[in-house]
Amino acid sequence: MMTTETSATADPVYLGDSASSIMNKVQEITGEIHQKQLTVEDLRRMREPVKRLVEVGRVLAVQEDQDGRRSARITLQDGQLFLHPLLRQPTPVHSHTLQESEVGVLEPSCTLAFLDLGWAGSTRGRVTIQLTPDTPLARQFVLLCTGQRGHTYRNTKLLRVVNKGEPGECVGGGDYESNDGEGGAPLLPELQGQYRWSSRAGTVLCWLAPGGPKSAQFTINTRDLQGGKQRVNVFGDVVSGLDVVRAALNHSDITEVTVVDCGVVLPL
């Protein structure tokens with residue numbers, strides 16, 4: 001039995017229930033908040049009614065502009081909340097919303113982003129990236145994973161493999177403009193900063209010099225460099241899913257590999 005904030009009780013939801021009956025019970029559980037906009041604090045508390053809403057896909061972050069409304073899914077997996085990119089899409093019936101500006105307050109402190117890679121008609125896995133805090137390239141990466149500025153890495157393809165099978169092997173992607181390697185303009189006016197150097201597999205860095213015409217494109221190293229060589233402008237490290245990147249690299253055509261989804265882990 002579950003208890004809402006107003007101490008009302010509801011019948012338990014059993015795993016054997018049908019999908020429709022589960023939805024009916026969710027509506028009963030959340031009756032007290034059916035006309036209330038959720039808040040970030042509700043997500044932080046993650047009490048049972050709100051958890052149920054997130055689990056069935058009824059919690060969205062929304063943004064209104066002159067062209068209408070965009071919305072972003074908020075999902076829960078392994079105890080972590082994921083914010084997906086803002087898209088122009090129909091809002092599910094009986095959805096509960098937060099203003100993206102409220103959730104966006106958290107984005108500057110986001111240090112975990114994700115890219116879901118897919119090819120041959122299916123999603124193959126999630127790549128989670130630990131971003132270097134307080135660097136312009138990391139902030140730009142967050143913007144392109146959330147779509148806050150209207151552009152996103154979602155549905156972009158990987159573009160190139162460098163040094164395949166050799167030390168320093170890496171893959172590149174991130175052309176949100178033309179999706180052919182010729183675009184990827186920076187979203188932020190100033191991308192220069194103090195960046196790390198690294199020779200390790202799993203590092204994430206700018207494809208070309210920060211501030212250049214393609215500096216939203218990124219590179220992920222899949223093999224260590226050798227001989228004391230290092231790559232510059234590193235702004236993150238893959239903490240899980242490097243095997244997914246390596247599998248993508250071995251696909252027959254790297255340009256058939258797509259970022260099917262992306263986003264950030266909310267630091268609640």
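The values are calculated or read from the model by the stated rules, or taken from the named source; none is laboratory data. Remember, it's a predicted structure, so these values are computed and weren't measured experimentally. Cβ atoms come from the backbone with ideal geometry, glycine included; neighbour counts cover every protein chain shown. Ligands, DNA and RNA are excluded from the accessible area calculation, which covers all protein heavy atoms including side chains. Shrake-Rupley method; radii C 1.70, N 1.55, O 1.52, S 1.80 Å.
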TODO: Using θ = phi - 60° and the Karplus relation 6.51 cos²θ - 1.76 cosθ + 1.60, list the HN-Hα couplings for the stretch 65-72 in order, rounded to whole Hz, with x at every Gly or Pro.
DONE: 9, 5, 9, x, 9, 10, 9, 10
Open item on the list: Check which residues have an amide H placed less than 5 Å from T203's amide H, if you skip close sequence neighbours.
Closed with: N221, V238
TODO: Provide the solvent-accessible area of V105, counting protein heavy atoms only and rolling a 1.4 Å probe, rounded to the nearest 10 Å².
DONE: 110 Å²
Open item on the list: Test of understanding: in a Gaussian network model of the chain with alpha carbons linked when under 10 Å, which of V161, V93, V142 would top the mean-square fluctuation ranking?
Closed with: V93
Task: Enclosed volume per residue, in Å³, of the convex hull spanned by Cα atoms of the chain - done: 141 Å³
Open item on the list: Counting heavy atoms of the protein chains only and a 1.4 Å probe, report the per residue accessible area for the chain as a whole number of Å².
Closed with: 48 Å²
Task: Distant-in-sequence amide H partners of G125 (H built 1.01 Å from N, under 5 Å) - done: L117
Task: Contour minus Cα-Cα distance for N163 and V93 (0.36 nm per residue) - done: 20.3 nm
Task: Accessible area, probe 1.4 Å, largest first, for residues D65, D134 - done: D134, D65
Task: Rounded Å value of the spacing that divides the Cα centres of the stretch 139-195 and the stretch 66-97 - done: 23 Å
TODO: Quick one: divide the alpha-carbon radius of gyration of the stretch 88-164 by 2.2 N^0.38 Å and tell me what you get.
DONE: 1.32
TODO: Would you please report the Å³ per residue occupied by the convex hull of the alpha carbon atoms in the stretch 184-255?
DONE: 106 Å³
Task: Over the chain: helical MRE at 222 nm, DSSP H runs n ≥ 4 each giving -39500 (n - 2.57), nearest 500 - done: -5000 deg cm²/dmol
Open item on the list: Between helix 19-29 and the chain, what is the angle of the helix's C-alpha long axis to the longest principal axis, kept within 0 to 90° and rounded to the nearest 10?
Closed with: 70 degrees
Open item on the list: I'd like the FRET efficiency for D65 and T39, computed as 1/(1 + (r/R0)^6) with the beta carbon distance as r and R0 of 22 Å, rounded to 0.05.
Closed with: 0.55
Task: Label-zone membership for the stretch 206-230, site R149, 7 angstrom Cα→C-beta point, backbone N under 12 Å - done: 211-212, 214-217
TODO: Quote the FRET efficiency, to the nearest 0.05, computed for D224 versus V56 with a Förster distance R0 of 25 Å and r equal to the Cβ-Cβ distance.
DONE: 0.05
Open item on the list: Classify the stretch 127-207 from the C-alpha gyration tensor, please: rounded if a/c falls under 1.5, else prolate or oblate depending on whether a/b exceeds b/c.
Closed with: oblate
Task: Full-extension gain in nm, S252 to Q192, via 0.36 nm per residue minus C-alpha separation - done: 18.0 nm
Task: the stretch 224-268: proportion of alpha-carbon pairs further apart than 15 angstrom, % - done: 66 percent
Task: Debye intensity ratio I(q)/I(0), log10, the stretch 33-179, q values 0.12, 0.17 Å⁻¹ (C-alpha model) - done: -0.57, -1.08
Task: Lysine pairs meeting the criterion (Cα under 19 Å, 8 or more apart or interchain), as found in the chain - done: 5
TODO: Measure nothing but the geometry: give the 0 to 90° angle between the long axis through the Cα atoms of 136-146 and the longest principal axis through the Cα atoms of the chain, rounded to 10°.
DONE: 50 degrees
Open item on the list: With a cut-off of 8 Å between alpha carbons and a minimum separation of six or more residues, what is the relative contact order of the stretch 127-268 in percent?
Closed with: 32 percent
Open item on the list: Keeping all protein chains in the complex and leaving out DNA, RNA and ligands, what accessible area do you get for E177 with a 1.4 Å probe, in Å² to the nearest 10?
Closed with: 100 Å²
Open item on the list: How high is the relative contact order of the chain? Use alpha-carbon pairs under 8 Å, at least six apart in sequence, and give a whole percent.
Closed with: 20 percent
Task: Accessible area of the chain belonging to carbon and sulfur atoms, whole % at 1.4 Å probe - done: 47 percent
